[in-house]
Amino acid sequence: SETSSPLANKSFVGVGILLGKQERLGNRPAHMYVLKVIPGSPAALSNQISMGDILLQIDDMPMDDMDIEDAFECLRGPEGSKVLVKLAREDEDDR
């Protein structure tokens, strides 16, 4: 028999970025970064996320010990939902 959940009919979307993971290199810790911003996506339309940005936090969850699949799940949600992403750039302070 089939069961239905309230989420079965909802559409889930992401913010429109592809993530990469850089393993620890010398004194630099492992981190996830923006590999690509998808044109026309919420991330692209915000004009605040750029290729190479380092993810520090998604909502209130630090990226420490988070794997890339978990990060993708945290960045997805019902269309129109909000997610707060804390980023860093090589040439700027945390933002």
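The values are calculated or read from the model by the stated rules, or taken from the named source; none is laboratory data. Since we're looking at a predicted model, the values are computed, not measured. Glycine also receives a Cβ, built like all others from the backbone with ideal geometry; neighbour counts cover every protein chain displayed. Side chains are part of the model used for accessible areas, which takes the heavy atoms of the whole protein and leaves out ligands, DNA and RNA. Shrake-Rupley method; radii C 1.70, N 1.55, O 1.52, S 1.80 Å.
If you filter segment 81-91 down to residues that are without any contact (Cβ under 8 Å) to a residue 60 or more places away in the chain and not in a loop (DSSP other than H, G, I, E, B), you find that the one that is most open to solvent (accessible area, probe 1.4 Å) is 86.
Select, from 16, 40, the only residue that is touching a Gly at 6+ places or on another chain (Cβ under 9 Å), farther than 16 Å from residue 89 by Cα, open to solvent by 40 Å² or more (accessible area, probe 1.4 Å) and touching a residue at least 12 places away in the same chain (Cβ under 8 Å). Going through 16, 40 in turn, the sole match is 40.
The set of residues in segment 54-80 being touching a Phe, Trp or Tyr at 6+ places or on another chain (Cβ under 9 Å), exposed (fewer than 11 other Cβ atoms within 10 Å of the Cβ) and not acidic (Asp, Glu) consists of 78 alone.
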